[in-house]
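Comments concern the structure below.
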Amino acid sequence: MTADNLINDLKSRKFHPVYLLQGPESYYIDQITNYFENHILDEAERSFNLMILYGKETDFMEVVDNARRFPMMSEYQVVIVKEAQSMKELNELEAYVKNPAPSTMLVICYKHGTIDGRTTFARLLKEKAVIFESKRVYDNQMPAWISDHLASRGFKIGASEAALISDYLGADLSKVANEMEKLALNLRTGHKVNKSDIEKYIGISKDFNVFELQDALGARNKEKAYRIIQYFISNPKNNPLIMVVGALFSYFSKIYLMHF
């Protein structure tokens, strides 16, 4: 199940009593949680029927007490447990999951990992809950992710432009999505994103960037490499040293692997 599949089910009002959102990638968990917070209930209903709890600050009894309440002037209520990986008594929710309240949507947000599948609680969730696993997107998958993300918003982008954004921003989906939003807000639907757009709205120079530096180093073009490095030194805010070193490390690691 993808995040879009789950959100489409929610849009169609296909609700379940218990949801588990887990995995190493926070972006999709946040995206689905945001939909539960802002779109299941209308504004008046949210005042009384939306409860947000945090794993570090709550125990299983508080979660159960809230989940067992009856909705007030609404057909449903939503109880969200954020940062559930920090909740020491999470497994104690087993009794509730066996017999959940039909008018409550309990959303368990377990970030940066997954619940141990060997436990009886995990096996019960697999049987009783809707489980979404948010998998990590790796560096080599990012250009395709950027292309697909922009396509879903009605934009096109070339392979080299997508690679430029990927090399500069890395695999932090939340950060990349925020930068894509800048493009979407400033360009016409159907537009093909070019390097000038990227320079103007994201701040990645089409001539002086890590991608071009890699090309210059690969071609042993010392003059071009020195010009790009000088530009980086003059514009440290747009070209943080850690980001540049990280991109170069990735580049030379790939070359090293190719040689062997």
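Can residue 106 be described as in contact with a strand residue (DSSP E or B) (Cβ under 7 Å, 6 or more places away or on another chain), at pLDDT 95 or above and of a type in the set (A, V, I, L, M, F, W, C)? Walk me through it before giving the result.
Values: in contact with a strand residue (DSSP E or B) (Cβ under 7 Å, 6 or more places away or on another chain): yes; at pLDDT 95 or above: yes; of a type in the set (A, V, I, L, M, F, W, C): yes.
For residue 106, the condition - in contact with a strand residue (DSSP E or B) (Cβ under 7 Å, 6 or more places away or on another chain), at pLDDT 95 or above and of a type in the set (A, V, I, L, M, F, W, C) - is met.
Scanning for something closer than 24 Å to residue 177 by Cα and either out of contact with any Cys (no Cβ under 6 Å at 6 or more places or on another chain) or surrounded by 18 or more Cβ atoms within 10 Å (Cβ to Cβ) (or both), does region 67-76 turn up at least one residue?
Scanning region 67-76 turns up no residue that is closer than 24 Å to residue 177 by Cα and either out of contact with any Cys (no Cβ under 6 Å at 6 or more places or on another chain) or surrounded by 18 or more Cβ atoms within 10 Å (Cβ to Cβ) (or both).
Output the number of residues of region 115-134 satisfying the condition of being touching a strand residue (DSSP E or B) at 6+ places or on another chain (Cβ under 8 Å) and either over 24 Å from residue 54 (Cβ atoms) or crowded, with 17+ Cβ neighbours inside 10 Å (or both).
Keep residues of region 115-134 that are touching a strand residue (DSSP E or B) at 6+ places or on another chain (Cβ under 8 Å), which gives 115, 125, 128-134.
Applying the additional criterion that residues be either over 24 Å from residue 54 (Cβ atoms) or crowded, with 17+ Cβ neighbours inside 10 Å (or both) yields 115, 125, 128-132, 134.
Total meeting the criteria: 8.
Could you grab me the full set of residues in region 77-120 that are of a type in the set (S, T, N, Q) and touching a helix residue (DSSP H, G or I) at 6+ places or on another chain (Cβ under 8 Å)?
Of everything in region 77-120, those that are of a type in the set (S, T, N, Q) and touching a helix residue (DSSP H, G or I) at 6+ places or on another chain (Cβ under 8 Å) turn out to be 77, 85, 86, 91, 104, 119, 120.
Of the residues 202, 233, 165, which is of a type in the set (Val, Ile, Thr), modelled with pLDDT under 90 and farther than 24 Å from residue 25 by Cα?
On inspection, the qualifying residue turns out to be 233.
Restricting attention to region 174-219, which residues are assigned to a helix (DSSP H, G or I), touching a helix residue (DSSP H, G or I) at 6+ places or on another chain (Cβ under 6 Å) and of a type in the set (Gly, Ala, Ser)?
174, 216, listed by residue number.
The values are calculated or read from the model by the stated rules, or taken from the named source; none is laboratory data. What you see is a predicted model, and the numbers here were worked out from it, not measured in a lab. Using ideal geometry, Cβ is built from the backbone for each residue, glycine included, and neighbour counts are taken over all protein chains shown.
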